[in-house]
Amino acid sequence: MKEEASVLIVDDELGPRESLRMILKPISNVYTAENGEKALEFIRQEPVNLVTLDLKMPGIPGIEVLKEIKGYNPDIEVIVLTGYGSLNTAVEALRYGALDYIDKPFNIPQVEEAVKKGFKRYKINILSRMLTQTLNISKEEIQGVIKMGHTQLEMQLLYAEKLTVLGQLTP
């Protein structure tokens, strides 16, 4: 079953890029970019839910691409896939918002699971944002009703005070 989601695969090597495209095509709409510049250009033009990102590419380094993606749209989930992994790069990628970090050569079920997890997290983030906006609107409406009620109560108290004063003035 194909998700209503899209994945951008960013890798300078054709082999891994095409392998990922074939793996993910049955579950999502798949796009590819061979470097960070093209990936960032694509993301600014097309909605993307998830990016698989190689770290070691010519041009913009993968970590910088990750930072740019998260700066542009923090809801886009990023899975780092690299053949040059280390503990330091894994920690750095996760610190900058990567959902997962997978070493090449990758395990197909591991990639599929990470992508499905990314789709779920993307949906949760969007739903959370929508609910927060709805709650904020409801909160503002409630505050408006309370303020209006408070104003009406003040007017009634003023009116009651005036009636009391008038009652004291009449013999």
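The values are calculated or read from the model by the stated rules, or taken from the named source; none is laboratory data. Keep in mind that this is a model prediction, so the values were computed, not measured. Glycine also receives a Cβ, built like all others from the backbone with ideal geometry; neighbour counts cover every protein chain displayed.
Key figures for this structure:
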| quantity | calculated |
| --- | --- |
| Members of region 29-71 found to be among the basic types (Lys, Arg) and at pLDDT below 95, listed by number | Lys56 |
| Hits in region 19-47 (condition: touching a Phe, Trp or Tyr at 6+ places or on another chain (Cβ under 7 Å) and among the aliphatic types (A, V, I, L, M)) | Ala33, Ile43 |
| Filter result for the condition that a residue is within 17 Å of the chain's Cα centre (by Cα), modelled with pLDDT under 85 and surrounded by fewer than 16 Cβ atoms within 10 Å (Cβ to Cβ), over Gln133, Gln156, Gln143 | Gln133 |
| Any hit, region 72-95, residues being acidic (Asp, Glu), closer than 16 Å to Glu13 by Cα and more than 16 Å from the chain's Cα centre (by Cα) | no |
| Qualifying residue in region 46-56 (condition: closer than 25 Å to Glu4 by Cβ, touching a Ser or Thr at 6+ places or on another chain (Cβ under 9 Å) and surrounded by fewer than 17 Cβ atoms within 10 Å (Cβ to Cβ)) | yes |
| Filter result (aliphatic (A, V, I, L, M) and within 19 Å of the chain's Cα centre (by Cα)) within region 27-53 | Val30, Ala39, Leu40, Ile43, Val48, Leu50, Val51, Leu53 |
| Matching residues, region 120-132, being over 16 Å from Ile102 (Cβ atoms) and either not hydroxyl-bearing (Ser, Thr, Tyr) or not in a helix (DSSP H, G or I) (or both) | Lys120, Lys123, Ile124, Asn125, Ile126, Leu127, Arg129, Met130, Leu131 |
| Residue within region 14-22 that is surrounded by fewer than 19 Cβ atoms within 10 Å (Cβ to Cβ), in contact with an Asp or Glu (Cβ under 6 Å, 6 or more places away or on another chain) and aliphatic (A, V, I, L, M) present | no |
| Residue list for region 68-93, filter: under 18 Å from Gly36 (Cα atoms) and either surrounded by fewer than 15 Cβ atoms within 10 Å (Cβ to Cβ) or among the acidic types (Asp, Glu) (or both) | Glu68, Gly71, Tyr72, Asn73, Pro74, Glu77, Gly83, Tyr84, Glu92 |
| Segments classed as strands (runs of 3 or more DSSP E), wholly inside region 9-118, with at least 1 members that are in contact (Cβ under 8 Å) with a residue 24 or more places away in the chain | 29-33, 50-53, 77-82 |
| Residue in region 117-126 that is over 25 Å from Ile27 (Cα atoms) and surrounded by 10 or more Cβ atoms within 10 Å (Cβ to Cβ) present | no |
